[in-house]
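Encoded as structure tokens, the structure appears first; notes follow it.
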């Protein structure tokens, strides 16, 4: 967690946003993130993000489920307590298939959702900085992190020329913290440090 | 530049002159408004039914399920009928959200949220029946394999009843995760609009701190797609396994290989009918006719006529096989216990035939498919028919045992069996009323996503795209 400075531009149309993203990146600014009310396809590539590996994680969890089910049932029925059920073999693979399938799906789904929540840092009572309340309504909010060399006014003007409807300068926590949404967060450091 | 393109010929999925903010307004406003009088009336009736159900179940637990009219021959009656019925209804939600997502059916966005919610509530209702059918419900945890001090004695992994435990609990869990992960962005929308302290707090907790970050959306999309891929075979497996409860036993009328596909088709059939029943009311009460359009209703009616015909085909196949197999017990079950209208339960078979096979055929007519009142009426008929189907399968196969000495003449439910059933209606509708009041009934983010291709006011702008040269079009799209 650290306090960072951002210049925020709000766009109201994804068709303006895409060229703007291109322009901002070409100008050499580092886009921290773009907050959108719905998934905008292609935006992740436009921002230069790499593909997510969540699928791979899901596959691994699924395999884990398959082996758990097979190993568990196999151990119970052949080692721990072999039973004669209607003369069936102790390791009847066809009869195990339904449970093996269900556990594969269960492990994959639960594992993926937990991984998703972990990667995105989503949980009850998690609070993050929201650059604009309408980012979940109808605005596409681009947050650009300022460095020591960033000229805030220039950047604001640049974003406006790229089509931003609203621009602002914000000092914000970059990570997340435990908090509630009905209590306004207090920044734990001075907003404008005195430069001696 | 257009980022997305859809043919003008396709019916718009969102009617009216909408923009992103208007969509948020239309769908979220009911959450922020006071509930209407109609809501209170409906909610009170549901809670009353629920309380009656709770009392019936209280009696089941206290006095034992001997207070039901089940007997030595008819060991499964209303309880298992209702279980299969509710599970079947619980199939539409995940079918809509998963299979239709894989098939890229745009119209699913308008109905998936409510249908998934309905699925979850229906599965909860379904689960009650086998649990209380156990009798000693406080030992219900015995159905799970866990290391215990009684040996350990394990569950029988070869038994379809145990497969059911795994299938239903997996289905419930995965549907819940699918539903809730889809809800997160919309709950965040409610949170960010909230004016009252209480709403900020509760939706703040429920939305898990969702911000709408592009990276999160990218993962969210990946998650939805994989969950859809996993849920698709899962939906088919659940009712397949429910049908195994019957098909693997050597009872005439149950022991057939056609059961899995026939049950799955029936489940989708009844599930869609329940979605129609609920959504036709919801769209009217919450004023969402522009999001759940006649096009949506028509699409669902098409699914109903398709699955209804598959079910009808299965019924006829069963009859044919009863004759073709030359098995006298099979023939007795089908031609006496079921198809003979003068046999004790003949009425239920023909009721089922009429409701499930004959009546949905009216949906071949476009006029009727797009008639809301008629669709509502038909959806109720279909659900009655599907209840009859399960009743026919269970009771008519059981009440005439192999030995005439153990024939039971007539099984009819006691008030407490009926009370249990009504109670699950109460539970279902109580949950649904709360959902419709406190959650976004339509996936806001998904509607916004399809707006620019399928919104009525964006359709005419597609003209420009259609006139474009191929190269320009390709250039615009390659971003």
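Only the coordinates and a few stated rules stand behind these numbers; no lab work does. These numbers come from a predicted model, not from an experiment. Positions of Cβ are generated from backbone atoms using ideal geometry, with glycine treated the same way; all protein chains shown enter the neighbour counts.
So what's the angle, to the nearest 10 degrees on a 0 to 90 scale, between helix B:197-206 and the longest Cα principal axis of chain B?
Around 70 degrees separate the two axes.
Other chains' Cβ within 10 Å of A:84-91 residues: what's the mean?
Neighbouring Cβ atoms belonging to other protein chains average 1 per residue here.
Please list B:449-459, A:171-181 highest first by mean number of surrounding beta-carbon atoms within 10 Å per residue.
B:449-459, A:171-181
Taking each residue of A:48-61 in turn, how many C-beta atoms of other protein chains fall within 10 Å of its C-beta, and what is the average? Before the final figure, lay out each step's value.
Numbers: counts 0, 3, 2, 2, 8, 2, 8, 5, 0, 3, 7, 1, 0, 0.
If you average over the peptide's residues, the count of other-chain Cβ atoms is 3.
Using DSSP, restrict attention to beta bridges with both residues in the protein assembly as shown and report what percent are antiparallel, rounded to the nearest 5.
On the way: 22 of 23 bridges.
Antiparallel bridges make up about 95 percent of those DSSP assigns within the protein assembly as shown.
Which value in Å does the Kirkwood hydrodynamic radius of the protein assembly as shown take, with 1/r averaged over all unlike C-alpha pairs and then inverted?
It works out to 27.6 Å.
Over all residues in A:135-143, what is the mean tally of Cβ atoms on other chains that come within 10 Å of each residue's Cβ?
What the average comes to for A:135-143 is 6.
Between residue A:170 and residue A:90, what FRET efficiency comes out of the Förster formula 1/(1 + (r/R0)^6) with R0 = 51 Å and r the beta carbon distance, rounded to 0.05? Don't skip to the answer; put the middle values down first.
Numbers: r = 66 Å, r/R0 = 1.29.
E(calc), rounded to 0.05, equals 0.20.
Add -39500 (n - 2.57) for each DSSP H run of 4 or more in chain A, then divide by its residues: what number comes out at 222 nm, to the nearest 500 deg cm²/dmol? Can you show the working numbers first?
Details: 5 runs with 76 residues, N = 196.
About -12500 deg cm²/dmol.
Rounded if a/c is under 1.5, else prolate if a/b is larger than b/c, else oblate: which is the stretch A:54-120, with a ≥ b ≥ c the root eigenvalues of its Cα gyration tensor?
Verdict is prolate for the stretch A:54-120.
Against the longest principal axis of chain A, how steep is helix A:152-161, in degrees 0 to 90 to the nearest 10, with axes from Cα atoms?
80
Take residue B:140 and residue B:317, extend 7 Å from each Cα along the Cα→Cβ direction, and tell me the distance between the two endpoints in nm.
If labels sit at residue B:140 and residue B:317, their model points lie 3.5 nm apart.
How far is helix B:372-391 tilted, in degrees, relative to the longest principal axis of the Cα atoms in chain B, given as a value from 0 to 90 rounded to the nearest 10?
Roughly 30 degrees, rounded to the nearest 10.
Counting other C-beta atoms within 10 Å, which of A:56, B:232 has the fewest, and how do the rest follow?
The order, fewest Cβ neighbours first, is A:56, B:232.
Determine, for B:91, A:41, the number of other Cβ atoms within 10 Å of each Cβ, and report the residues in order from fewest to most.
On the way: B:91 31, A:41 15.
Ordered from fewest to most neighbouring Cβ atoms within 10 Å, B:91, A:41 come out as A:41, B:91.
Got a sec? How would A:114, B:352 order by Cβ neighbour count within 10 Å, fewest to most? Show your work: numbers first, answer last.
On the way: A:114 13, B:352 23.
Ascending Cβ contact count within 10 Å gives the list A:114, B:352.
Would you mind getting me the FRET efficiency between residue B:47 and residue B:414? Use the beta-carbon distance for r and R0 = 25 Å, nearest 0.05.
0.60
Can you list the residues of the stretch B:273-306 with backbone N under 19 Å from a point 7 Å past the Cα of residue B:362, pointing along Cα to Cβ?
B:273-281, B:294-295, B:297-306
Ranking request for peptides B:203-209, B:117-123: highest mean number of other beta-carbon atoms within 10 Å first, then the rest in descending order.
Packing order, densest peptide first, comes out as B:117-123, B:203-209.
Which order do the peptides B:175-183, B:372-380 come out in when sorted by mean C-beta neighbours inside 10 angstrom, highest first?
Highest mean packing first, the order is B:175-183, B:372-380.
What shape does the stretch B:25-112 have by the C-alpha gyration tensor, where a ≥ b ≥ c are the square roots of the eigenvalues, rounded means a/c under 1.5, and otherwise prolate means a/b greater than b/c and oblate the rest?
Oblate shape, in that a/c is at least 1.5 and b/c is the bigger or equal ratio.
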